[in-house]
1. Could you tell me which of PHE302, GLY279, SER194 has its Cα farthest along the dipole of the stretch 189-304 towards the positive end, charges placed at Cβ (Lys, Arg +1; Asp, Glu -1), taken about the Cα centre?
2. Please find, in a Gaussian network model of the chain (springs between Cα atoms separated by less than 10 Å), the residue of LEU259, LEU176, LEU305 whose mean-square fluctuation is greatest.
3. Which length gain, in nm to one decimal place, applies between GLN95 and GLU83 when the Cα-Cα distance is subtracted from 0.36 nm times their residue separation?
4. Give, as a single signed number, the net charge of other residues whose beta carbon lies under 11 Å from the beta carbon of GLY285, with Lys and Arg counted +1 and Asp and Glu -1.
5. Check each of the chymotrypsin sites (Phe, Trp or Tyr not before Pro) in the stretch 92-196 and keep only those in coil by DSSP with at most 15 other C-beta atoms within 10 angstrom; list them in order.
6. Find the accessible area per residue for the chain; the probe is 1.4 Å, ligands and nucleic acids are left out, and the unit is Å².
7. Would you work out the charge dipole size for the chain about its Cα centre, treating the Cβ of every Lys and Arg as +1 and the Cβ of every Asp and Glu as -1, and quote it to the nearest 20 debye?
8. Mind checking which of HIS224, HIS56, HIS141 has the largest fluctuation in a GNM of the chain, springs on alpha carbons under 10 Å?
Amino acid sequence: MTRSDPAADVPDVLRDASGEALTAVRGLGAGVPVLAFDVGGTDIKSALFDAHGTAHGLRRTPTPIVEGDRTEALIARLGVLAEELRAAHPGIEPQAVGLVVPGIVDADAGLGVFASNLGWHDSPLRDLASARLGLPVAFDHDVRAASWAERLLGGARDYENAVVLVIGTGIAGALLVGGVPYTAGGYAGEIGHSPVAEGPICACGARGCLEAVASAGAIARRYHEATGVAPDGAKDVIARAAAGDPAARDIWNSALDALALSLAQLTAVIAPEAVVIGGGLSRAGGALFDELRARLAARLSFHRLPVLVPAELSGNAGLLGAALRAREVA
């Protein structure tokens with residue numbers, strides 16, 4: 001299939017839902033060439049990594065939209081993207097594929113157990129992708145794969161026991177215990193859906209989830225609901241809070257308190273050495289990190305206080321994690 005085929009004419013997404021442009025990918029180091037796909041609810045990142053670990057053909061394209069289960073449409077789209085990458089770089093012959101997706105993921109069984117925004121239930125994504133692409137496929141959860149990339153290449157590389165927290169439109173997390181991801185059959189790490197309050201109702205159906213209070217999407221939404229003014233994202237709300245806007249200050253304070261509570265609970269239970277924070281909200285800098293450090297310390301006593309560090313791989317951590325996983329099965 002070539003770019004002249006209308007079915008292969010997949011548009012590029014220039015900026016994600018938070019307005020961030022796609023950035024260059026850090027190198028993996030030497031190893032076998034692999035294809036990597038990081039699938040999200042709205043877009044797919046894809047690249048072909050050569051034997052030096054350099055990414056070629058990095059793209060962000062729309063996740064196909066269909067009614068109900070998107071499995072079939074997604075596998076077809078991955079086939080198109082893989083064929084385009086291989087045609088554009090004929091000198092690089094991938095030996096395996098890394099595929100990471102959101103939701104509840106059973107990596108060992110190769111199943112997308114559940115993803116509300118992608119419509120699948122117990123979908124055999126690994127085997128379907130392998131059949132379509134003709135290569136072995138390493139399959140994992142997107143944030144868990146991102147945490148593995150941060151462990152090997154980024155902000156978590158100095159810590160065997162860490163929490164990786166991605167705060168964007170929602171909140172996703174992953175746990176590293178003894179230097180490896182802790183999965184519990186795909187159910188571990190759902191930090192965004194840990195209860196921190198009596199409300200509001202979360203999109204998942206539960207009440208008072210961290211994501212519904214403290215994600216960038218929730219901060220912007222809550223400000224709009226409180227004032228009738230639509231802010232330009234969470235960063236705008238934080239700026240308004242710093243300028244003395246009472247509604248913005250209350251919402252930002254409640255978000256920080258919820259995050260500190262959740263991190264205090266994690267500290268008491270699993271004692272991470274570090275919490276690595278990425279996602280759009282991490283770019284708030286000291287307004288987030290300094291406040292969280294202070295509020296977390298105030299909640300703890302004898303506990304080992306984890307260091308709070310920014311993620312280093314930005315929005316490409318999931319793609320790098322997919323490529324690293326692919327090399328494991330090549």
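1. So the residue furthest toward the plus end is PHE302.
2. Among LEU259, LEU176, LEU305, the largest GNM mean-square fluctuation belongs to LEU305.
3. 2.9 nm
4. Result for the local shell: 0.
5. Details: sites: PHE114, TRP120, PHE139, TRP148, TYR159, TYR182, TYR187; in loops: TYR159, TYR187.
Filter output for the stretch 92-196: TYR187.
6. On the way: 13940 Å² over 330 residues.
With the other protein chains kept in place, the chain gives 42 Å² per residue.
7. Values: 27 positive and 37 negative charges, 113 e Å.
The dipole magnitude comes to about 540 debye.
8. HIS224
The values are calculated or read from the model by the stated rules, or taken from the named source; none is laboratory data. As the structure is a computational prediction, the values presented were derived from the model and not from experiment. Methodologically, a virtual Cβ is constructed for each residue, glycine included, from the backbone with ideal geometry; neighbour enumeration extends over all protein chains shown. For the accessible areas, the whole protein counts, side chains as well, though only heavy atoms, and no ligand, DNA or RNA atoms are used. Shrake-Rupley method; radii C 1.70, N 1.55, O 1.52, S 1.80 Å.
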